[in-house]
Amino acid sequence: MSLHHRPLRVRALSALSALPASMAVLAAAACSPGGSEARVDPPPTPPAAVAGLCAALHKELPETVAGLARTRTEPESDLTAAWGGSAIVLRCGIPKPPKMLDPKQEGVHVNGVAWLLEKLDDGSGGGFRFTTGLRLAYTEVQVDKEHATDAGMLVGLSTAITATVPEGIASY
């Protein structure tokens, strides 16, 4: 194996040839996480007691998650929240996921909250879905594959859930 390296050649770009590249960067930035609004479909209307827990959670959610700022959701709802555009999306008051019954499903515990862990297939954008268990309201957090590097992003969310959603088994 040769240790000889070819010299790096850098070609200067004229302002005109750099224009398409800069436009592509701006277009990508407009679509990247951190936009001003995220389209999030609220779950079906949960029972009133669960909706009350979700409203309390909504008020306690952190302004940033994984370094991403909270984003306004459309439609606005106490059942939804988002950070970094739609990079991280939370929905509270979802029905019990069928996968909760599968003893082979993986999970993690973060700050006293048990989370069901589901890897999403690349066809649906990849990433992960985390769903709380053993709480009186099921809360789902979907994270795109770029931001799903570890469960550390659940720390602030788990703190808010611990403070507002009591332990127990949801009845829906």
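Looking only at residues in the stretch 89-102 that are open to solvent by 30 Å² or more (accessible area, probe 1.4 Å) and aliphatic (A, V, I, L, M), the one that is nearest to Glu60 (Cα to Cα) is Met100. For the stretch 89-105, taking the residues that are touching a residue at least 12 places away in the same chain (Cβ under 8 Å) and over 13 Å from the mean Cα position of the chain (by Cα), the one that is farthest from Pro42 (Cα to Cα) is identified as Gln105. Just one of (1) loosely packed, with under 12 Cβ neighbours inside 10 Å; (2) among the polar types (S, T, N, Q); (3) part of a strand (DSSP E or B) fails for Gln142. It is (1). For Phe130, the conditions (1) buried (at least 18 other Cβ atoms within 10 Å of the Cβ); (2) touching a strand residue (DSSP E or B) at 6+ places or on another chain (Cβ under 8 Å); (3) in contact (Cβ under 8 Å) with a residue 40 or more places away in the chain are fulfilled apart from (3). Answer yes if at least one residue in the stretch 153-170 is farther than 15 Å from Leu90 by Cβ, of a type in the set (A, V, I, L, M, F, W, C), surrounded by 13 or more Cβ atoms within 10 Å (Cβ to Cβ) and modelled with pLDDT of 95 or more, and no otherwise. No, the stretch 153-170 contains no residue that is farther than 15 Å from Leu90 by Cβ, of a type in the set (A, V, I, L, M, F, W, C), surrounded by 13 or more Cβ atoms within 10 Å (Cβ to Cβ) and modelled with pLDDT of 95 or more.
All of (1) touching a helix residue (DSSP H, G or I) at 6+ places or on another chain (Cβ under 6 Å); (2) more than 22 Å from Ala38 (Cα to Cα); (3) open to solvent by 20 Å² or more (accessible area, probe 1.4 Å) hold for Leu117 with one exception: (1). The residue of the stretch 44-88 that is surrounded by the most Cβ atoms within 10 Å (Cβ to Cβ), among those that are among the β-branched types (Val, Ile, Thr) and under 16 Å from the mean Cα position of the chain (by Cα), is Ile88.
Within the group Gly123, Gly133, Gly84, which residue is out of contact with any helix residue (DSSP H, G or I) (no Cβ under 9 Å at 6 or more places or on another chain) and at pLDDT below 95? Working first, answer last.
Details: Gly133 fails: out of contact with any helix residue (DSSP H, G or I) (no Cβ under 9 Å at 6 or more places or on another chain); Gly84 fails: at pLDDT below 95.
Going through Gly123, Gly133, Gly84 in turn, just one is out of contact with any helix residue (DSSP H, G or I) (no Cβ under 9 Å at 6 or more places or on another chain) and at pLDDT below 95: Gly123.
The values are calculated or read from the model by the stated rules, or taken from the named source; none is laboratory data. What you see is a predicted model, and the numbers here were worked out from it, not measured in a lab. Positions of Cβ are generated from backbone atoms using ideal geometry, with glycine treated the same way; all protein chains shown enter the neighbour counts. Side chains included, ligands, DNA and RNA excluded: accessible areas come from the protein's heavy atoms. Shrake-Rupley method; radii C 1.70, N 1.55, O 1.52, S 1.80 Å.
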